[in-house]
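The structure appears right after this line, and notes come after that.
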Amino acid sequence: MEENRFGVMLPEMRLDFWDALWAGQIASPAALDRRLAVLQLPLKSDCLSCRCVLRLQCGDAYLKDVWRYGRDRLRVAVGNLLPKEDSGIVYGVCRLTPRHVYILACAMNGMDGETLSARVQDDVAKLVSCLDQYLNLSSELKEITAPEALSAIATEQKAAGA
């Protein structure tokens, strides 16, 4: 029974984790590794990761007039359009605002930075197309950062106050 309750809560806990990570609320690599393990994410704090930002065109109007299910469900829907863990990259939709979607792309199994960057570029291009095709939500890539350790991203975000 206890395990079943955890399974029900796991998706929500993962959403909270990605948001906290983007906000720099995870204090150390050790704390990050513990949370990754509890959330059953196949990552380590030193894995290479890229920050991705999509700009939503008319996101305010879309959330108000088209998408009737709330911002959190749209965040989940965006995540469902990204490749799954068996692709070698774990994607976390960290935040969704009326104007932007913030995503972390984290390499599994020692993928090198060049491969990660190329794959993320392709995956995000497909996401932009899928958002338009399936959700009628126009977006464009604003930024993909160079790969760096996941723990460094958490520290940088905290220092930047983002």
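For the reader, a short list of remarks on this structure follows.
- Rounded to 10°, Cα long-axis angle of helix 2-23 versus longest principal axis of the chain: 80 degrees
- Dipole of the range 56-159, positive direction: furthest Cα of VAL128, PRO98, GLY79, with charges on the beta-carbon: PRO98
- The charge dipole of the chain, taken about its Cα centre with unit charges on the Cβ of Lys, Arg, Asp and Glu (plus for the first two, minus for the last two), comes to roughly 460 debye.
- The dipole here belongs to the range 80-162: it is taken about the Cα centre, uses +1 on the Cβ of Lys and Arg and -1 on the Cβ of Asp and Glu, and is about 340 debye.
- Neighbourhood charge, 13 Å Cβ-Cβ cut-off, centred on HIS100 and excluding it, Lys, Arg +1 and Asp, Glu -1: +4
- Most to least accessible of ARG75, ARG99 (protein chains only, probe 1.4 Å): ARG99, ARG75
- GNM top mover of GLU114, GLU85, GLU143 - the chain, alpha-carbon springs below 10 Å: GLU114
- Spherically averaged projected area of the convex hull of Cα atoms, the range 51-156: 6.4 nm².
- Accessible-area composition of the chain, carbon plus sulfur, in percent [1.4 Å probe]: 51 percent
- Rel. contact order, % - alpha carbon contacts under 8 angstrom, at least six apart, the chain: 35 percent
- Cβ-based charge dipole, the range 11-90, positive-most Cα from TYR62, ALA30, SER45: TYR62
- Taking amide H as placed 1.01 Å from N in the peptide plane, LYS142 has its amide H under 5 Å from the amide H of VAL53, LEU54, ARG55, each at least 5 places away in sequence or on another chain.
- Folded to 0 to 90 degrees: helix 71-80 orientation relative to the chain principal axis, Cα: 70 degrees
- Among GLY59, GLY70, GLY92, the largest mean-square fluctuation in a Gaussian network model of the chain (Cα springs under 10 Å) belongs to GLY70.
- Surface exposure of the range 45-162, expressed per residue as accessible area with a 1.4 Å probe, stands at 51 Å².
The values are calculated or read from the model by the stated rules, or taken from the named source; none is laboratory data. Keep in mind that what you see is a predicted model, and the values were worked out from it rather than measured. Virtual Cβ from ideal backbone geometry, glycine too; neighbours counted across all protein chains shown. Keep in mind that these areas ignore ligands, DNA and RNA; they rest on the heavy atoms of the full protein, side chains included. Shrake-Rupley method; radii C 1.70, N 1.55, O 1.52, S 1.80 Å.
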